[in-house]
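In what follows, a structure is listed as structure tokens, so that the remarks can point back to it.
A short reminder: the numbers here are calculations on the coordinates, not readings from a lab. Fair warning: this is a prediction, and the values are worked out from it, not measured in the lab. Because the Cβ atoms are built from the backbone with ideal geometry, glycine has one as well, and the counts that use them run over all protein chains shown.
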């Protein structure tokens with residue numbers, strides 16, 4: 001349907017024409033919703049998902065653009081003598097506070113036409129647009145318009161395959177690309193992180209609400225390192241409970257949500273802390289449950305005065321925080337080289353399975369299968385060359401795979417064809433490429449050329465934005 005040809009662009013009939021076009025779109029969507037899709041092919045179903053997600057991004061962004069225009073024009077005050085957020089909340093389906101958040105986000109989106117238009121075209125989500133604006137706002141104010149436009153273009157290109165969380169960490173990388181002379185020195189960057197730690201420390205708080213029907217609400221804010229350690233501890237204990245429930249086929253326990261298991265883990269932790277003298281609860285806290293990993297660039301490690309690091313989720317660590325953590329027996333420092341390869345992983349039991357699993361986690365981030373987001377704690381360690389056939393349990397012969405993709409990539413035994421000859425099964429294969437990263441070969445039935453594929457979100461790529469690419473090194477946008 002070509003609605004643009006039927007929508008007047010001038011004159012008093014503009015509003016009626018647009019509303020008529022919107023009604024046509026609603027009719028098409030309702031017709032598609034009610035159609036019988038039971039016989040659809042899998043490829044069609046996936047294409048519909050892509051198409052409707054694209055439409056959803058466009059509609060969401062267009063709504064934000066229209067909200068910004070109505071807000072700037074003062075339309076709600078002239079028509080309804082009320083604020084726009086109150087007019088938007090008139091149906092009762094959202095609160096004025098939620099509507100006010102929508103208005104605020106719309107104002108922010110309209111500040112940069114290139115970002116706004118990319119969102120309106122469905123190329124980026126509103127979450128990515130917000131992250132892009134925050135990142136660009138953090139650039140020095142001395143950049144001229146040409147350099148600002150170049151920075152916008154670079155981050156919009158990255159947004160085609162990078163989530164909002166990663167986009168928020170790209171300020172330094174953009175500055176090195178567009179104006180390297182304005183980049184912070186290591187000392188200045190360290191000073192900024194130290195000031196951030198001071199602000200985070202001043203915001204720390206823990207509050208408890210009143211009892212309501214036998215429950216007690218609570219919440220709070222912690223500095224990021226302490227918060228990640230608590231999160232790791234709770235997650236480890238929660239995962240242990242889930243595995244126990246699976247092993248014992250405890251169906252009631254398997255019905256618990258992840259949030260309920262996390263709450264149980266906290267209660268278990270509290271019970272361990274209040275043990276009476278000479279008694280035990282039977283509760284045990286898993287060894288290393290509160291461990292966190294810190295990634296340290298090798299170049300920074302050489303200069304301990306300004307050394308910096310990152311948590312596994314990309315959060316930057318100040319030198320002061322790093323020096324404290326390096327004295328902690330529960331920290332495993334991981335040193336990365338120029339190409340983000342793991343040079344060193346702690347100093348205890350280098351070849352033991354836990355150390356190897358941590359190294360695989362640093363390289364793969366989680367399940368290494370392209371597009372999979374399963375975290376490492378739910379992954380198996382797969383031998384590229386099967387162990388039973390002499391494959392070694394080393395970083396160069398192992399890869400993290402979730403249960404689904406582990407089964408998909410397990411070598412299948414050959415079959416016997418009609419002529420009595422052995423036929424190699426057409427299935428997914430995994431191998432370690434020349435860069436030391438896992439890549440996956442699709443079956444010929446899916447891709448006749450069997451072009452290798454690689455995950456775009458390896459944890460080692462966290463340091464891609466800490467230093468300019470070296471000769472022969474791929475940039476993030478150049479990865480397959």
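Which part of segment 50-80 falls in the paramagnetic zone of residue 107, meaning amide N under 18 Å from the point 7 Å along Cα-to-beta-carbon?
64-78
When a/c reaches 1.5 or more, the comparison of a/b and b/c decides; with that in mind, is segment 361-418 rounded, prolate or oblate per its Cα gyration tensor?
Oblate shape, in that a/c is at least 1.5 and b/c is the bigger or equal ratio.
Residue 404 to residue 217: FRET efficiency via 1/(1 + (r/R0)^6), r the Cβ-Cβ distance, R0 41 Å, to the nearest 0.05?
Values: r = 37 Å, r/R0 = 0.89.
After rounding to 0.05, the efficiency reads 0.65.
So, in nm, how far is label residue 201 from label residue 446 when the simple model puts each one 7 Å beyond its Cα toward the Cβ?
5.0 nm
Once the piece of chain linking residue 30 and residue 62 is laid out straight, how much longer is it, given 0.36 nm per residue of separation minus the C-alpha distance between them? Show your work: numbers first, answer last.
Values: separation 32, 0.36 × 32 = 11.52 nm, distance 2.02 nm.
Value of the extension gain: 9.5 nm.
For the residue pair residue 270 and residue 254, what label-to-label distance in nm results when each label sits 7 Å from Cα along the Cα-to-beta-carbon direction?
For residue 270 paired with residue 254, the spin-label model returns 2.9 nm.
With a cut-off of 8 Å between alpha carbons and a minimum separation of six or more residues, what is the relative contact order of segment 348-435 in percent?
Details: 103 pairs, mean separation 19.8, N = 88.
Value for segment 348-435: 22 percent.
If packing is taken as the average number of other Cβ atoms within 10 Å across a peptide's residues, how do 52-61, 227-236 rank, most packed first?
Numbers: 52-61: 15.0, 227-236: 17.6.
Per-residue mean Cβ counts within 10 Å order the peptides as 227-236, 52-61.
What percent do you get for the relative contact order of segment 3-183 when only Cα pairs under 8 Å and 6+ apart count?
17 percent
Run the simple label-point estimate for residue 41 and residue 23 please: 7 Å along Cα→C-beta, distance reported in nm.
3.7 nm
Could you estimate the translational diffusion coefficient of segment 113-265 from the Stokes-Einstein equation, with Rh from the Kirkwood formula over C-alpha pairs, at 25 °C and 0.890 mPa s, in whole µm²/s?
This corresponds to a translational diffusion coefficient of 126 µm²/s.
As a test of the definition: which semi-axes, in Å, follow for segment 3-183 when you take the square root of five times each eigenvalue of its alpha carbon gyration tensor? Largest first, please.
Its equivalent ellipsoid spans semi-axes of 33, 25, 16 Å.
Between segment 159-177 and segment 214-269, what is the C-alpha centre distance in whole Å?
Measuring centre to centre over Cα atoms gives 32 Å.
For segment 399-413 and segment 132-151, write down the distance between their C-alpha centroids in whole Å.
First find each Cα centre; the distance between them is then 44 Å.
Using Cα pairs under 8 angstrom and six or more residues apart, how large is the relative contact order of segment 101-215, in percent? It would help to have the intermediate numbers written out before the result.
Details: 70 pairs, mean separation 25.1, N = 115.
With pairs under 8 Å counted, the relative contact order is 22 percent.
With just the Cα atoms defining each centre, how far is segment 16-50 from segment 53-131? Give it in Å.
After rounding, the separation between the Cα centres reads 24 Å.
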